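Inspection log for the structure reproduced underneath, given as structure tokens.
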Amino acid sequence: MMAPEAIGLGFELRILAEAEDVSAVAAVRSAPVGDYRDLDTLRRFAAGVDVLTFDHEHVPNEHLHVLIEEGVNVQPRPAALIHAQDKLVMRAAIERLGLPNPEWSAVSSVIELRAFGEEIGWPVVLKTPTGGYDGKGVRIVDGPAAAEDCADWFGDGPLLAEAKVGFTRELSALVARTPDGRSAAWPVVHTIQVDGVCDEVIAPAPGLATEVARTAQETALRIADAFDVTGVMAAELFETPGHGAGFVVNELAMRPHNTGHWTMNGSVTSQFEQHLRAVLGLPLGDTAALGGYSVMKNYLGGANEDLYSAFPAALAAEPRAKIHAYGKSVRPGRKIGHVNVVGLPGEDPGTVRARAGRAAAIIRDGREPAAGPAATTPAGTDGSPVPATGGTLA
């Protein structure tokens, strides 16, 4: 999704692909296949590029330090990226900054996990510090007996234990920053998770108090500045009305992020163009929203294996829908694309959600949604908070 923006700006984009069949290979002319965990592969790939950047957080941090010593322009720098790679490092840094943090502890055994749970109260959220995403590497521990069942999670170093936050909805504050410290923020959005996977994003977050929105943006910008981030960064937040700042920090991502896909059609400058501008040290673009509310709706693998056969029906049903297909094979539960709909001025967020949901459902299922309750949008259609579930703690 960054490739069209690079073409528009006249930049050559190269991708180190994990395999010949990954989506980026079809989008970028130069896409050598290699293992991003191998230092020599990274050296060869980085030779001659102006800047090396990322679309995930899993490149070994120690390799990036070596590349920098050898003269490669790595953005964001590994000292910033470690806060997205290691949740324990991130939690400690957020605490040092005095920003809203859930109660947390590093635990290295079931005994320490039980002690933490007894101290702060059950349930507790247990996370692997590295490698987790989309709900993977996350476990809700309801009590001492459940803690015993986590024994097989220990062994490779401490895990992160957190208090299970009583939140009303999830938010995301997306910002961008250049190497010399210029920054910009998009409107704070409401994100809806299903089974630990981002399902919908509503921009801006309906009904969010002005002061909370402003503080959330300021918090994300402060984090980006304190960690010397370059490029796009998403601060995922739990909204906690009536408590402290009105939110706590959940997790960070230092790259274009699923919660920012709405910007492709709903903002003056998309997150992908902004990331390119930022890592290259160019002036940042305007982040103002276009139109009224924007909704991004992911579509996951479902009954329809021939996605493109459903495009005519989806586009005819919702002419304002913008389809973004990832070129991935269909597997149940796999993110394979998303739909953006930009609402008209004054159009309520529930209507925009319904439009995006209808187009996404047609693509996923290969047919129009059935009439009746199953076809309606979920709780929070009017923009009100969606009840929290354990699956939202990704």
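Structure summary
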item: Odd one out for Pro256, checked against (1) without any contact (Cβ under 8 Å) to a residue 40 or more places away in the chain; (2) not β-branched (Val, Ile, Thr); (3) not in a helix (DSSP H, G or I); result: (1)
item: Of residues in the range 275-323 being of a type in the set (S, T, N, Q) and in a strand (DSSP E or B), the one nearest to Pro345 (Cα to Cα); result: Ser294
item: Residues being free of Cβ contacts under 8 Å to residues at least 60 places away in the same chain and in a helix (DSSP H, G or I) - total across the range 78-100; result: 7
item: Hits in the range 12-46 - residues which are assigned to a loop (DSSP other than H, G, I, E, B), under 23 Å from Trp262 (Cα atoms) and in contact (Cβ under 8 Å) with a residue 24 or more places away in the chain; result: Val28
item: Index of the failed condition, Ala356 passing every other in (1) surrounded by fewer than 17 Cβ atoms within 10 Å (Cβ to Cβ); (2) in contact (Cβ under 8 Å) with a residue 40 or more places away in the chain; (3) among the aliphatic types (A, V, I, L, M); (4) in a helix (DSSP H, G or I); result: (1)
item: Identity of the residue in the range 155-192, in contact (Cβ under 8 Å) with a residue 40 or more places away in the chain and out of contact with any strand residue (DSSP E or B) (no Cβ under 8 Å at 6 or more places or on another chain), that ends up farthest from Asn73 (Cα to Cα); result: Gly166
item: Selection from the range 47-72 of residues that are free of Cβ contacts under 8 Å to residues at least 40 places away in the same chain, surrounded by 13 or more Cβ atoms within 10 Å (Cβ to Cβ) and either of a type in the set (Lys, Arg) or over 19 Å from Glu273 (Cβ atoms) (or both); result: Val59, Pro60, Asn61, His63, Leu64, His65, Val66, Leu67, Ile68, Val72
item: Filtered residue count, the range 183-214, keeping only those that are closer than 23 Å to Gly337 by Cβ, modelled with pLDDT of 95 or more and of a type in the set (D, E, K, R); result: 2
item: Number of the condition not met by Pro206 [criteria: (1) out of contact with any Gly (no Cβ under 7 Å at 6 or more places or on another chain); (2) in contact (Cβ under 8 Å) with a residue 12 or more places away in the chain; (3) part of a loop (DSSP other than H, G, I, E, B); (4) not acidic (Asp, Glu)]; result: (1)
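Results for (1) closer than 27 Å to Phe247 by Cβ; (2) modelled with pLDDT of 90 or more; (3) assigned by TED's automatic domain parsing to the domain that holds Ala19, shown as yes or no for each residue.
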{"residue": "Leu315", "(1), (2), (3)": "no, yes, no"}
{"residue": "Val330", "(1), (2), (3)": "no, yes, no"}
{"residue": "Val341", "(1), (2), (3)": "yes, yes, no"}
{"residue": "Asp348", "(1), (2), (3)": "yes, yes, no"}
{"residue": "Ala356", "(1), (2), (3)": "yes, yes, no"}
{"residue": "Gly366", "(1), (2), (3)": "no, yes, no"}
{"residue": "Val386", "(1), (2), (3)": "yes, no, no"}
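The values are calculated or read from the model by the stated rules, or taken from the named source; none is laboratory data. Worth saying up front: this structure is predicted, and the values here are computed from it rather than measured. Glycine gets a Cβ as well: all are built from the backbone with ideal geometry, and neighbour counts include every protein chain shown.
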